[in-house]
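Everything on this sheet refers to the single structure shown next.
The values are calculated or read from the model by the stated rules, or taken from the named source; none is laboratory data. Given the structure is predicted, the values throughout are model-derived calculations rather than measurements. No Cβ is skipped: glycine too gets one built from the backbone with ideal geometry, and neighbour counts run over all protein chains shown. The protein model used for the area step is the full one, side chains on, heavy atoms only, and it has no ligands, DNA or RNA in it. Shrake-Rupley method; radii C 1.70, N 1.55, O 1.52, S 1.80 Å.
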Protein chains: 6
Amino acid sequence: MSKLTHIDGDGAAHMVDVSGKADTVREARAEGKITMAMETMEAIKANMLNKGDVLATARIAGIMAAKKTSDLMPLCHPLALSKVSVDFTFVDDGIRVETLARLTGKTGVEMEALTATSIALLTIYDMSKAVQKDMIISDIRLLSKTGGKSGEWWAK
Amino acid sequence: MSKLTHIDGDGAAHMVDVSGKADTVREARAEGKITMAMETMEAIKANMLNKGDVLATARIAGIMAAKKTSDLMPLCHPLALSKVSVDFTFVDDGIRVETLARLTGKTGVEMEALTATSIALLTIYDMSKAVQKDMIISDIRLLSKTGGKSGEWWAK
Amino acid sequence: MSKLTHIDGDGAAHMVDVSGKADTVREARAEGKITMAMETMEAIKANMLNKGDVLATARIAGIMAAKKTSDLMPLCHPLALSKVSVDFTFVDDGIRVETLARLTGKTGVEMEALTATSIALLTIYDMSKAVQKDMIISDIRLLSKTGGKSGEWWAK
Amino acid sequence: MSKLTHIDGDGAAHMVDVSGKADTVREARAEGKITMAMETMEAIKANMLNKGDVLATARIAGIMAAKKTSDLMPLCHPLALSKVSVDFTFVDDGIRVETLARLTGKTGVEMEALTATSIALLTIYDMSKAVQKDMIISDIRLLSKTGGKSGEWWAK
Amino acid sequence: MSKLTHIDGDGAAHMVDVSGKADTVREARAEGKITMAMETMEAIKANMLNKGDVLATARIAGIMAAKKTSDLMPLCHPLALSKVSVDFTFVDDGIRVETLARLTGKTGVEMEALTATSIALLTIYDMSKAVQKDMIISDIRLLSKTGGKSGEWWAK
Amino acid sequence: MSKLTHIDGDGAAHMVDVSGKADTVREARAEGKITMAMETMEAIKANMLNKGDVLATARIAGIMAAKKTSDLMPLCHPLALSKVSVDFTFVDDGIRVETLARLTGKTGVEMEALTATSIALLTIYDMSKAVQKDMIISDIRLLSKTGGKSGEWWAK
């Protein structure tokens with residue numbers, strides 16, 4: 001038998017049955033980072049002092065992407081997300097994004113938090129690529145997962 | 001004036017005018033990586049010997065996501081992609097994905113290649129997360145960009 | 001603190017947490033109007049006597065748009081709508097649309113009713129614009145909102 | 001009064017109210033078939049021995065389409081599917097697909113199972129049409145429906 | 001080498017390169033049928049005499065589905081369709097649908113015509129299923145394909 | 001014969017054939033207004049001084065909606081928009097939005113500009129409705145249309 005729950009006994013992909021699971025409050029947090037040159041960060045910070053649309057656009061893109069997760073991940077269940085947030089922090093060599101997704105439902109929201117992180121970072125890349133093309137997106141990972149039968153999980 | 005082309009003179013986001021650009025063949029390649037434990041790689045390799053649906057699903061997810069790029073990135077233009085491919089390689093500590101997007105059109109396809117990479121990696125995470133939750137997605141970057149007025153660009 | 005619930009304490013947009021709210025039957029009604037020339041109304045009424053596809057198409061567009069609300073409004077929650085209806089009335093100088101959305105869930109459906117109204121009106125515009133381009137869409141507003149903790153609200 | 005529940009007393013389409021219905025486990029199974037030449041079947045079977053991406057792609061397409069049912073069928077309710085599976089069997093003159101959809105919710109999932117069947121079959125057509133254009137898709141029908149007030153239904 | 005163009009030399013799925021193909025007018029026609037009981041046909045015909053929303057809804061669903069083809073078929077190219085039509089004919093034991101899709105572009109529109117056919121038929125099923133559950137959808141096939149390098153093709 | 005181009009000779013809806021039209025630069029501008037209380041305007045202006053996410057979110061919603069026009073209007077052609085912008089002006093009793101859509105293609109972009117206007121206004125409503133529910137959206141109309149065989153059109 002496969003350890004991969006999304007694969008049935010014959011090796012075929014399927015959407016796992018969650019109909020027997022309880023509706024509980026579930027939450028996931030994820031993070032990721034985009035590394036960029038000082039010049040690129042300066043351009044984004046200059047925009048922050050003006051209208052700030054670069055990070056506002058990336059935040060909206062992340063939130064909207066969380067809602068599209070089941071349309072992007074073939075085996076994710078459609079979920080009625082009850083909260084999504086996307087936060088940015090300037091670090092030494094780029095921007096760190098941290099996302100949170102919450103749900104009252106039958107399955108976890110890790111993929112929603114991770115998708116919001118990835119798309120927010122890609123949107124920063126998109127809006128800054130005229131200045132710099134060799135930015136790198138990295139360190140995308142789950143930070144925590146709470147709620148549900150399997151209990152809490154925290155990244156080390 | 002902003003160096004960020006997606007921001008107008010007032011600091012507001014807009015979709016850049018490409019109506020005056022020529023229809024040429026444009027191509028972009030991107031890559032990324034998911035780091036995982038030996039046990040997780042073994043589970044995926046075992047599936048490869050069986051039906052192989054894990055990587056087939058991730059490949060399809062990446063290709064379909066490339067087609068959704070303008071729906072995910074707020075300021076990307078809708079594009080009639082003429083080719084997308086997604087390839088996987090097992091490396092020492094995980095799986096590397098390389099994607100290619102091609103278009104005959106008025107603007108580049110970097111974001112399409114990068115989106116395919118990101119979503120393919122997230123799908124591998126989704127299908128393997130029952131085995132391991134602390135996988136890390138990293139090194140997502142543009143490898144090359146050809147076609148269009150700005151000429152060729154290759155990652156160092 | 002902001003009075004705008006979709007904005008957090010730092011002024012950033014987020015999707016508000018509704019996980020603690022009760023699942024109750026919630027309903028919203030909205031209305032709007034498209035003003036047109038007599039000639040345009042006559043063309044639509046002539047179609048009513050034939051197959052009636054103009055208003056049938058606008059009705060379907062409105063119903064389908066209500067289901068897309070959370071994909072259109074960046075901070076709207078995805079909702080499992082339990083009923084949507086779209087009704088048209090010919091008035092002196094155009095067509096009035098009234099919509100109803102209902103849900104058993106954790107948050108209201110005002111935006112779903114308003115989106116159905118707007119898209120139904122735009123569809124009438126689209127199907128009639130070969131006859132008249134200066135039609136005006138106006139008076140889009142919420143008529144009532146019932147269910148949920150904040151109680152009933154009726155437009156004056 | 002119309003026997004067609006999706007049509008109101010005036011003959012107009014609407015999305016039926018299910019807000020008063022109970023949340024129960026509901027399930028539907030559907031099937032369909034694509035008839036093809038021996039040469040086409042051989043090409044697909046040869047791929048099965050290699051990576052097997054033809055049927056893996058069709059399976060993923062079917063599962064993802066089930067999740068899009070309410071976006072395709074104008075009057076279907078958006079549903080939080082809890083399970084979807086798509087299975088293929090080679091028969092004498094083609095490939096048979098059988099799908100299953102399950103939900104804990106207020107309305108049945110027949111359309112989700114039928115949509116998964118139809119799109120999986122169309123995807124096989126798409127991937128094989130370079131070999132054969134006159135394949136025929138047929139015998140798409142509901143096999144069973146369980147759960148909900150109206151009770152069980154089984155195809156004869 | 002595979003005869004299946006959507007599969008590369010390694011057996012993996014990819015979106016075929018059409019960037020070198022010419023922009024020409026391409027057209028495809030498809031058909032399909034839904035078999036139903038006399039009682040169900042009578043209910044639909046009765047609606048035709050009233051507002052006619054059953055077939056109007058199915059027509060709109062078919063047209064909109066044609067536009068979603070590349071979102072449903074994993075390896076279909078996004079296409080800028082220039083025309084879609086969906087026509088219904090009552091036959092002895094059900095309803096026949098015929099669809100037409102046209103494009104000025106680099107690849108054929110067979111899948112667009114077939115998708116419009118399938119979704120129009122499923123919508124008729126959806127709107128009539130309260131009356132009859134054992135309707136059968138069948139005989140979905142390509143009728144003709146014109147334009148492009150491979151020339152014309154007509155079903156026998 | 002119908003004057004409504006989206007209706008064929010039998011009164012049925014269809015997507016009009018544009019395959020014979022020339023690819024030219026086409027542009028449309030639209031406007032609309034949301035009327036609100038002084039208190040609501042003050043809350044939005046206070047946010048402008050902070051991060052400004054209210055209008056940034058509405059701007060992004062409008063731009064993204066323009067790209068979804070053919071998915072919302074049943075008979076609109078899918079278009080490869082080359083530019084979209086959304087601008088806001090505070091007026092005495094509310095906020096005015098003006099949008100611009102541009103395309104090199106075979107058909108006009110009036111519906112794209114009007115859809116961007118409508119969804120931007122609805123997003124302002126959504127983000128402000130905790131403060132005021134009786135805001136009214138009105139005066140949505142086409143301002144101008146240029147390019148294409150039918151020539152220029154300007155609102156009086």
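Throw me the Rg/Rh for the stretch C:49-145, computed over C-alpha atoms with Kirkwood Rh, two decimals. Write out the running numbers ahead of the final one.
Working: Rg = 13.9 Å, Rh = 14.0 Å.
Ratio value, two decimals: 0.99.
Counting alpha carbon pairs within less than 8 Å and at least 6 residues apart, what relative contact order, in whole percent, applies to chain A? Numbers along the way, then the final one.
Working: 308 pairs, mean separation 55.9, N = 156.
Relative CO of chain A lands at 36 percent.
In Å and whole numbers, how far do the C-alpha atoms of the stretch F:1-48 stretch along each principal axis, longest first?
Largest to smallest, the principal-axis extents are 53, 29, 14 Å.
With each run of n ≥ 4 DSSP H residues scored as -39500 (n - 2.57), what mean residue ellipticity at 222 nm is computed for chain F after dividing by its residue count and rounding to the nearest 500 deg cm²/dmol?
Values: 4 runs with 50 residues, N = 156.
The helix contribution divided over chain F gives -10000 deg cm²/dmol.
Given a 1.4 Å probe, show me the residues in the stretch D:44-67 buried by at least 40 Å² of accessible surface when comparing the whole protein assembly to the chain alone.
D:LYS51, D:ASP53, D:THR57, D:ARG59, D:ILE60, D:ILE63, D:MET64, D:LYS67
With r as the distance between the Cβ atoms of F:LYS21 and A:GLN132 and R0 = 30 Å, compute the FRET efficiency 1/(1 + (r/R0)^6) and round to 0.05.
Values: r = 40 Å, r/R0 = 1.34.
After rounding, the FRET efficiency stands at 0.15.
Where Lys and Arg each count +1 and Asp and Glu each count -1, what net charge lies around F:THR5 among other residues with Cβ under 11 Å from its Cβ? If you can, show how the numbers build up before the last one.
Working: positive: C:LYS129, F:LYS3; negative: C:ASP126, F:ASP8, F:ASP17.
Residues close to F:THR5 contribute a combined charge of -1.
For the stretch A:1-115, evaluate the Debye formula with one uniform point scatterer on each Cα (no solvent term) and list log10 I(q)/I(0) at q = 0.22 Å⁻¹, rounded to two decimals.
Reported log10 I(q)/I(0), two decimals: -1.17.
Kindly flag which residue pairs out of D:LYS149/E:LYS68; C:LYS156/D:LYS67; C:LYS133/E:LYS83; D:LYS68/F:LYS129; A:LYS67/F:LYS45 have an alpha-carbon separation exceeding 32 Å in this structure.
Values: D:LYS149/E:LYS68 34 Å; C:LYS156/D:LYS67 40 Å; C:LYS133/E:LYS83 22 Å; D:LYS68/F:LYS129 30 Å; A:LYS67/F:LYS45 28 Å.
Too far apart for the 32 Å limit: D:LYS149/E:LYS68; C:LYS156/D:LYS67.
How large is the charge dipole for the stretch A:24-146, taken about the Cα centre, if only the Cβ atoms of Lys, Arg (+1) and Asp, Glu (-1) carry charge, to the nearest 20 debye? Don't skip to the end; give the middle numbers.
On the way: 16 positive and 15 negative charges, 106 e Å.
So the dipole magnitude of the stretch A:24-146 works out to roughly 520 debye.
Need one value: the accessible area of C:GLU39 in square angstrom, 1.4 angstrom probe, rounded to the nearest 10.
Ignoring ligands and nucleic acids, C:GLU39 comes out at about 100 Å².
Could you report the stretch C:24-146's accessible area per residue, 1.4 Å probe, as an integer in Å²?
On the way: 3130 Å² over 123 residues.
For the stretch C:24-146, the per-residue accessible area is 25 Å².
Total Å² of accessible surface buried at the C-F contact, 1.4 Å probe, nearest 100? List each step's numbers first, then the result.
Details: alone 9120 and 9110 Å², together 13550 Å².
Summed over both sides, the interface buries about 4700 Å².
Round to the nearest 10 and report in Å² the accessible area of F:GLU98, as given by a 1.4 Å probe over the protein chains' heavy atoms.
The value for F:GLU98 is about 50 Å².
Calculate what fraction, in whole %, of the accessible area of the protein assembly as shown sits on carbon and sulfur atoms when a 1.4 Å probe is rolled over the protein chains.
Numbers: 16200 of 31530 Å².
Reported share for carbon and sulfur atoms: 51 percent.
Just going by the charge dipole of chain C, with Lys and Arg at +1 and Asp and Glu at -1 on Cβ, which of C:MET38, C:GLY94, C:VAL109 is farthest out on the positive end?
C:VAL109
Can you bin the protein assembly as shown into rounded, prolate or oblate? Criterion: square roots of the alpha carbon gyration tensor eigenvalues sorted a ≥ b ≥ c, rounded for a/c under 1.5, prolate for a/b above b/c, oblate for the rest.
On the way: a/c = 1.23, a/b = 1.00, b/c = 1.23.
Since a/c stays below 1.5, the shape of the protein assembly as shown is classed as rounded.
Give me a comma-separated list of calculated 3J(HN,Hα) values for the stretch F:80-94, in order, Karplus coefficients 6.51, -1.76, 1.60 applied at θ = phi - 60°, integers in Hz, x for any Gly or Pro.
Working through the residues one at a time gives 8, 3, 9, 6, 9, 9, 9, 10, 10, 9, 6, 10, 3, 10, x Hz.
When the Cα centres of the stretch D:78-156 and the stretch B:43-95 are compared, how far apart do they sit, in Å?
25 Å
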